[in-house]
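One structure is given here, and the rest of the page talks about it.
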Amino acid sequence: MNQFQSVGEIFAALRRRAWVIIGIFLVGCVISVDYALVQQKVYEATAVVQIEDARVSSTATATVSDANEASRRLQLIEQRLMSRDNLMTLMDKYDLFSDDPERNDGERIYMMRQAARITPITNPAPTFTAAAQAPSGLMISVMLPDPDKAATVANDLMNKVITESRDRSARQASETLAFYETEEARVNAEIVALENRIAEYKQANSAQLPAGVAALRTQLTTLRETELDLAQEIITIQSDTARKRPEELARQVAQLEDQRALVATRATEIEGQIASAPEVERQLSQLEREMDRLKDQYSVITRGKAEAEMGQALQDRQAGGRYEVLETALVPENPMTSSRKKIAGIGAFASLLAGLMVALGLEVMNPAIRSQQQMERLLGIQPVVAIPVISNRRDRTWGGLKFLARALGILALVGGVTAWLAKTSGLGALFGSGTPRRAVRG
């Protein structure tokens, strides 16, 4: 850079490389115009859906799970709308992205998902709370080259969101109520069956129950006393042998022994019943615990059923949370992409800047001494004589031919680039080649 010590030297170098600057500038302008032509205008239409809170709440208080449930419901709706089948139906309905016959369904679906966006609208949560914020609305944006189709598709998606939300809420309320009704019938049947089982068990084991055990103990005491009295009477009869004949004594003793054996057998049975009373009580307690569990479950189910019936009533009256149209999508008047003139102007300025940089770079790569001042500065030698360039008619003629050749070379380069771009890119629209344009976002 030692040869550039003044503004005059810089301008002199630029004049020497003027053809390079002009060539790069013209080629850059052609490329910029081509790039501007392939930038198809994209219009954005936006519809807004408001999510209203329930006018009548089915529960006393709102919890964090309500916000999570609302967010999850929005995600499910968005996934359903952005599904492959739904997008294919939408594109076939409005003839979207079908201009290129070589474009397959996968590419069309990708372009449709890029063109349509569903964004939840949430209020920013305070920094001092960790509670989730329920979305208050949805913003549905569609970007398409056709402004009318952009607005139509946005409104169609908005209507699908509202319809899907309404149908999903009604379906969820009906399914919840049907579930609780089924569970209520099932648990009620189990309670009735268990009640019958407990009644049969009590009837079959009434003697071993706590009230029956007390009676058994009283009866056992009486039997033992009776057995003792019979034993004493037998001893008395056996000791009185003087007054009665032996045959009579044997008969009486045999009768008393039979009575004593009968009493002993009954006492043994009662003792067995008393011994099995704890097991009977244990099994009865197990059945009663099972009954308590079923009753608690039945209470939970009845409360859930009451809330489900309330939700069904709110849904029927449309008093629950619902989606309402806040703003319909209007046909956009101005595209969201940059102006073609602006793109071409920026490209022309960048081309000029690139030409200047290339020209200065060529000068730096060829550091020749071109003036008296450069010789004195670089070599420290003061020239005695400086001979100016003197041109005659032949030199002027040769210079004109060089100028014409350079001009024709630049025009040929620009023409070649233009012809190539006309066949492969957006300049074909200017020459009638019918090359399809690309739709891009700005």
Do the conditions hold for GLU200, that is, is it part of a helix (DSSP H, G or I), out of contact with any strand residue (DSSP E or B) (no Cβ under 6 Å at 6 or more places or on another chain), open to solvent by 80 Å² or more (accessible area, probe 1.4 Å) and at pLDDT 80 or above?
-> yes
Please go through segment 42-59 and pick out each residue that is surrounded by 19 or more Cβ atoms within 10 Å (Cβ to Cβ) and modelled with pLDDT under 80.
-> ILE51
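Residues are listed down the side, and each one gets a yes or a no for (1) free of Cβ contacts under 8 Å to residues at least 12 places away in the same chain; (2) closer than 30 Å to GLN312 by Cβ; (3) of a type in the set (Phe, Trp, Tyr):
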site: GLU181; (1), (2), (3): no, yes, no
site: ASN188; (1), (2), (3): no, yes, no
site: ALA204; (1), (2), (3): yes, no, no
site: GLN238; (1), (2), (3): no, no, no
site: PRO246; (1), (2), (3): yes, no, no
site: LEU249; (1), (2), (3): no, no, no
site: ALA264; (1), (2), (3): no, no, no
Can you name the residue in segment 235-284 that is surrounded by 16 or more Cβ atoms within 10 Å (Cβ to Cβ) and under 14 Å from GLY212 (Cβ atoms) and is also modelled with the lowest pLDDT among such residues?
-> GLN273
Those residues that are over 14 Å from LEU76 (Cβ atoms) and of a type in the set (Gly, Ala, Ser), I need them from segment 165-179; list them, please.
-> ALA170, ALA173, SER174, ALA178
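For (1) more than 20 Å from ASN86 (Cα to Cα); (2) open to solvent by 40 Å² or more (accessible area, probe 1.4 Å), each residue gets a yes or a no:
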{"site": "GLY137", "(1), (2)": "yes, no"}
{"site": "ILE140", "(1), (2)": "no, no"}
{"site": "ASP146", "(1), (2)": "yes, yes"}
{"site": "ILE162", "(1), (2)": "no, no"}
{"site": "ARG166", "(1), (2)": "no, yes"}
{"site": "ALA185", "(1), (2)": "yes, yes"}
Please specify each residue of segment 89-106 satisfying the condition of being among the acidic types (Asp, Glu), open to solvent by 90 Å² or more (accessible area, probe 1.4 Å) and part of a helix (DSSP H, G or I).
-> ASP92
Considering residues of segment 285-319 that are under 33 Å from the mean Cα position of the chain (by Cα) and charged (D, E, K, R) only, the residue modelled with the lowest pLDDT = ARG317
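Answer yes if at least one residue in segment 285-296 is more than 28 Å from ARG217 (Cβ to Cβ) and of a type in the set (A, V, I, L, M, F, W, C), and no otherwise.
So far as segment 285-296 goes, yes, one or more of its residues are more than 28 Å from ARG217 (Cβ to Cβ) and of a type in the set (A, V, I, L, M, F, W, C).
The values are calculated or read from the model by the stated rules, or taken from the named source; none is laboratory data. Note that the structure is predicted; figures quoted are calculated from it, not measured. When we count neighbours, we look across all protein chains shown, and the Cβ atoms used for this are built from the backbone with ideal geometry, even at glycine. Heads up: the accessible areas ignore ligands, DNA and RNA and are worked out on the full protein's heavy atoms, side chains in. Shrake-Rupley method; radii C 1.70, N 1.55, O 1.52, S 1.80 Å.
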